[in-house]
Each structure stands twice: as structure tokens, then as C-alpha cells.
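These notes concern the structure reproduced below.
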Amino acid sequence: MKQSKLLIQTLRETPRDADVVSQQLMIRAGMIQKAAAGIYSYLPLAYRSIRKFEEIVREELGRDGCQELLMPSVLPAELWQESGRWTFYGDELLRFCDRKAKAEIAERRARGETPDERSFYNFCLGPTHEEVITDIVRKNVRSYKQLPMNLFQIQTKFRDERRPRFGLMRGREFTMKDGYSFHVDDADADREYWAMFNAYKRIFGRLGVKFRPVEADSGAIGGSFTHEFHVLAGSGEDAILSCDGCEYTSNSEKTEAPQLPVGSCGDRFELKRDHFCTPGVVGQVEQAAGMIDTEHPQGMALAQTSKFYLFQVSTAIAETHPAPGVEGTYSDVHYVGVVLRGDHEVNPVKVKNLLGANALDMVEINEAEAFTGAKSGFMGPIPGEGTRFANVRASVAILVDQSLKGAVNLTCGANRTDYHHFGLDPERDLKGCIFADLRMAQEGDTCPRCGKGRYQAFRGIEVGQVFKLGTKYSKSMGCTFLDDQGQEHPMVMGCYGIGITRTVAAAIEQNYDADGIIWPWPIAPYQVHLLSLDPGNAEVAAVADRVERELEAAGFEVLHDDREGMSPGAKFKDADLLGFPLRLMVGTKGLKDGVVELRDRRTKAVVKVKPEAAVAEVAAARDRIMQELETAGGR
RNA sequence: CGGGGCGUGGCUCAGCCUGGUAGAGCGCUCGGUUCGGGACCGAGAGGUCGGAGGUUCGAAUCCUCUCGCCCCGACCA
């Protein structure tokens, strides 16, 4: 391909509204162009990478017998109403109506009515396709003999994000591979889950990026387990903890924290109310340092302090769920107190899951201060007399992190500004409290799975997820089969997603330098960037054209920068920015010595060879690069 | 959705405070000289200053409304 004919405009300067590396580089390299917030055109170079990744996905899923189909992107409201998600999904679902509904609205207006347009919306843009696929399967599959079945599509999705950002990584429109499997029972769904898990490991392994499959929170859907696949990159939105001694890797919102040994701290004291006074000090560390008495002349160790968070369970959703720690249900419970060691952070997802709540919010600071009667920093699990907290204590669940089980002589906020109690023994002093793992695990914590390794922290970009759905959709939509006894059962489902365009962006987030992109070979738009440094020179032009033909004949993808009137330096800059793995330079200077030069984008190493040997040298470089990829991937 | 910011040629931005008939660099076109890490000279093309209304003799500039975009937060099967 001649670069002089390629649709591309590279930019020397970074566009102002590009805020992440992949977005900046893709715009500067002329790969994407924004049409609206979070909506991009994929220009030729980007689309080549996207298609290459799609092909990898197709090949690997094909190995597992998955069938590809394509569903509509405009979906009828009826299906979403059937599953219940039409109302549940929220404003990310872009809803609209067709001409028939519009005519109806117009007609009512003509009659003097003021119809609510939203109630006439009868279509949406598909953000995901559980409803459609379930509809297809229930209409076409009746017998256990047809199961299992695994169907996928690679398709444009639309989610009307509140705040689209990060270019292709969090756009509103994006390309996604979404797959759905249908099974006669749980065991078979589990088997398929692990088959897809392994397929994903192959897919991201072939991509040539560092990645990790991580255990994740299964969220409100309540599936039994789920893994996310993350491309590791410093700019990743998710924190991942990975044990250096075993396979356990998880999203930090899920990571199990180890039970810590309770330090010895002398005799057990009674609860001494308002024992420490640290006026005007707010931070945990400063407070602890100010907690001085005869027992603690240096101040209190941070691990001997406790902190207290007040959460609120949304009553609208909680309704009749049995409430641990208190009598009654969440329709009675508004507040939940969480007690942690002073040097630990609360993990809201763990709290939420423990409570079985769908939504959990921090109580707003003003409200919390009014409730407990103390300023932030001095709240605690023991209500002060006459406060609202004291009045409703019986209906406030007190959850205590397991690290404090058996702990004694702790401090806690006195619910009186500037004061802390001393001598807290949660088991003794907090009636009906529940001990559980509620904190964020941290880098360096001992892994509770193997008991030996320690957690290492990474940042990751979520690019794929495998999820066991169960019968949520098959039950609500009547997707059933007949077993060999003629009995009807709902199918057990799994779903499996890969963000295609996000993955390509994530690959760049992980692989770039100050000069531009460094493409992993398997998804590079072109593999070789052939630069004619003096295209006006007949010999250079002849050699470059010949090498281009030879490389293409040997199966390489070559972009030939044949542009005239451009200085070598400018071509080098463009080549670095576009970042194809290999750059082959043909110029008068080299040809004077009878050589062309091959440069590795990542290592910057240059090899000089005779033009006739260029193809063999490129092949050798490819083999070396692919070899390195084998060892670089995830685990 | 709350808070903040920005809309001036394809890109980056100046001009706005203090109204007077629109600029620079990059990119693009043509000619010439160059040519191994974003060369130089000369000549050009290209802008309803996001939109609407208002104030004014006169608005990119002041006022009102509106649309779009960006950032922080909340949200994220």
C-alpha cells in the first residue's frame, strides 16, 4: 500500500480534548476521528487493527464450536419490557420512537392532549443483547438434543454514558463481541464457562499484550462467579491485586483480605469513655499521635485505633430483604455502621454483598454529623446519649471488620466532637455486631488462598468478562427446553463479552513511548513501514518498489511511505507515531553502501542488509518478535 | 445529574478585560532550492468568530437565552 494514497492526516500537536494516551495517539496518527462525544469513526489504519483483533476472536471461538450471527442494533421495547430491563436499565439505554409512534403523539396533541413522549418510545439502541438472543433461542430450540449452544456476534453497541471519556476506552458507541451460551443444567454451563475462560486466555495471549484474568464482583445480577480480563496498563481504571505465590488474581473491589493476627496489648481495659481528647484534629494519623496517656506516652498505634463509616441502604430497593445484625428487614433499616482498624479502608462492595443490598451509599456528611452528634473524625459505633443514633440503635446494623475480632483496648470515636473512647472490645461492647471481611485488601497483604504469597498491585483496563448468568433471562422470557423425560426446564445461560475497540485502545495504553504507538505485531495495522527516504531518486524508488513487492509476495503487510518532497526526518517522526513493528528504510545514503536498514520500533535496534536480503531479515525479525510475545502474555 | 472550563480556518492557539471591519504557528496548494530525526524562500487558498436575540453609529469583544465540547465528582449488566 502506498502511503501517498492512504487516507491519513497525522498531527504534530495533541488535540486539546484528548485526555488519555491511546486517544491522543490514535487521533495524532490519523486513526480515529470524533463525530460526537464518545462516538468515533474508525479510519483505515484503525479499522485494520480492529479487524485483525476480530479475526483472532473468531478463530479462537470457532475452535470451541461457537457460532457467529448478527443481531439488530435497533431493538424493540417489547423484548426489554419482557425481561424487565426496559425500566431497570436507566438512561444508558438510548430510547426513541419510530414514525408510527410519532404520528400517534402528533394525533394526541392535535386533540389537545399533552402526551408524555417517553411513554411512546418503542425502540432502543442495543447496549447488550441478552433479550434478543434469548428470544431467538426460545423460538428455535425446543429439545435437549439441540443443547448446548454457544452463539456470538461482533457488533456495534450503544450505551448512552453519562460522561463519555477516554476516547475508545469509554465511548458511547463501541464494537463488542458478545456471546451467549445455553445449557441443560448448571454443570454444563460451568463447563462452558471454563471453556470460554480458556478461549479468552488464548485470545488475549495471541493479541500480544500483558493481561490477567481476575476474579470480579458479580454485581446485582447475582451470578455465582465471574472473571474479568484486564489488559495491564498504568492508566487502567481498575485496581487489581495478584498473589505472587499462587494464581489468585482479583479486582480489588472483591479481593479477599487476610485475617490478621491480633497484636498483644497488655491487660484488657474497661471501656473508658471520652478518654482521649484531641481537639481540632481530624486525620486518623494525627489523632492517633495525639492520643497520649500513661499507657501510651508516644500516642496510640494506628492499628489500635478504629474508624467508623455510616452507610445507608436504599429502602426503595432493599424492601423485604432479611437484615443481618438487626431484627426485621431493610424496610426498617436505614443506617449501617462499619467499624474498621484505623489503618484500613472500607470496601463498599463487600459491605453491599454482605447485606445482600442492591444499593449502598455513604451517608452524607452533614446528615451523619446530625445523626451521631459529632463532627467527622469523632464518630463511632457507640451512640452518645440523647442522639438520634441512640434512639434507633437497635435498627442500625453494626458490621465490624474481621481484623478486629478478638481485638481489645481499641480507641473509637466517642460521638462527641474532639473525644475518643478507649478500651473498646468489639465483641464485648458492640451488641449484636457482625464480624466479616469488609476492608480493601492492600498490596503486600498475605494471600489468604495460599497463605504464602503476597499481593502485588496492578492497574488494569477491563476488556473482557465471562459471566454465568443462570436462568435470569430464560425464566423471565420463557426460554425452555424439553428433557429426555419430556419435562420442561429453563435453560441455564452464560454470557461472555469482549470490548473489541476498547481492547485495541488498551493495547496502545500499554504499548507506547514518547514518540508514538508501539503496536503488538498481531494487531498492527501494517507490519512493515517501508520508507523511501528519497523517492525522487530513481534508484531509491526502484529498490523500494521492488522490496515492497517482495515483502507482499512473502505475505507481509507493508505500508510504503513513497511521499515526495518530505524530509527524512519528517518521515521518521511519522513512522514512530504510527508505530508499526518494523521500519525498513531505503535511501541514497544506504544504497551508496549497498544496504537498506531495518529498525525495530520497540528496541530501536537497526540492522543493515543488502536489499535482496531484506525479506529474509524481516522474516527473522518477525520470528523473534513473535517469540517474545509468547512469553510476555498473561497467566 | 452537581461543580468548573472552553467554543475564532483542518490542528494548536492569540485577540475579548478596555467594542472600530479577524491574526500567528502547524497543515494544505503552486513554483524554486533542499533532503538520514518534523528544512528554507516566494506566491496562494481557506474563517457566517458555535447559534439566536439584544445593547450600540458599529459586536469575535458587552448582555440574555440556547446548543455543543472538555475536566472533576457521582454512575457503570
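The values are calculated or read from the model by the stated rules, or taken from the named source; none is laboratory data. Small disclaimer: the values here were computed from a predicted structure and weren't measured. Counting neighbours? That spans all protein chains shown, and the Cβs are built from the backbone with ideal geometry, glycine included.
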Exercise. Name the pairs whose Cβ atoms lie under 6 Å apart, with the first residue in the range A:582-598 and in a helix (DSSP H, G or I), the second within 6 Å of RNA strand B (Cβ to nearest atom), and 6 or more positions between them or separate chains?
Worked result: A:T588/A:D534; A:G590/A:E597
Exercise. If you take just the strands (runs of 3 or more DSSP E) that sit entirely in the range A:462-575, which of them hold at least 2 residues that are touching a residue at least 40 places away in the same chain (Cβ under 8 Å) and crowded, with 23+ Cβ neighbours inside 10 Å?
Worked result: A:492-499, A:528-532, A:558-561
For this session: Considering only the range A:6-43, state which residues are part of a helix (DSSP H, G or I) and either in the same structural domain as A:R172 (by TED's automatic domain parsing) or aliphatic (A, V, I, L, M) (or both).
Result: A:V21, A:L25, A:M26, A:I27
Exercise. Can you pull out the residues in the range A:126-178 that are assigned to a strand (DSSP E or B) and farther than 30 Å from A:G234 by Cβ?
Worked result: A:S143, A:M149, A:N150, A:L151, A:F152, A:Q153, A:Q155
For this session: Taking only the range A:103-125 into account, find how many residues are part of a helix (DSSP H, G or I) and either outside the structural domain of A:E92 (by TED's automatic domain parsing) or of a type in the set (F, W, Y) (or both).
Result: 1
For this session: Enumerate the strands (runs of 3 or more DSSP E) found wholly within the range A:202-309, keeping only those where 2 or more residues are assigned by TED's automatic domain parsing to the domain that holds A:G337.
Result: A:272-277
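Listed here are the residues, each with its yes/no results for (1) in contact with a Lys or Arg (Cβ under 8 Å, 6 or more places away or on another chain); (2) within 13 Å of RNA strand B (Cβ to nearest atom).
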residue	(1), (2)
A:M440	no, no
A:C447	yes, no
A:Y455	no, no
A:I461	yes, yes
A:Y473	no, yes
Exercise. If you check A:V528, A:V504, which single one turns out to be within 16 Å of RNA strand B (Cβ to nearest atom) and hydrophobic (A, V, I, L, M, F, W, C)?
Worked result: A:V528
Problem set entry | Filtered residue count, the range A:87-132, keeping only those that are within 24 Å of A:K177 (Cα to Cα) and in contact (Cβ under 8 Å) with a residue 24 or more places away in the chain | 16
For this session: Test each condition in (1) among the acidic types (D, E); (2) within 22 Å of A:I500 (Cβ to Cβ); (3) within 16 Å of RNA strand B (Cβ to nearest atom) for A:D91 and report the one that comes out false.
Result: (2)
For this session: Identify the residue in the range A:1-25 that is away from RNA strand B (no atom under 11 Å from the Cβ) and exposed (fewer than 12 other Cβ atoms within 10 Å of the Cβ) and, among all such residues, is nearest to A:P164 (Cα to Cα).
Result: A:L7
Exercise. What is the residue count in the range A:148-188 for residues that are crowded, with 23+ Cβ neighbours inside 10 Å, over 22 Å from A:L70 (Cβ atoms) and more than 12 Å from RNA strand B (Cβ to nearest atom)?
Worked result: 1
Problem set entry | Residue check, A:R28 within 16 Å of RNA strand B (Cβ to nearest atom), of a type in the set (D, E, K, R) and within 26 Å of the chain's Cα centre (by Cα) | yes
Seminar exercise, completed: Just one listed residue, out of A:G325, A:G384, is in a loop (DSSP other than H, G, I, E, B) and modelled with pLDDT of 80 or more, and it is A:G384
Exercise. How many residues does the range A:574-587 hold that are near RNA strand B (Cβ under 6 Å from one of its atoms) and more than 21 Å from A:A507 (Cα to Cα)?
Worked result: 2
Exercise. Does at least one position in the range A:37-48 carry a residue that is within 14 Å of RNA strand B (Cβ to nearest atom) and at pLDDT below 90?
Worked result: yes
Problem set entry | Residues within the range A:338-353 that are polar (S, T, N, Q) and either in a helix (DSSP H, G or I) or surrounded by fewer than 21 Cβ atoms within 10 Å (Cβ to Cβ) (or both), tallied | 1
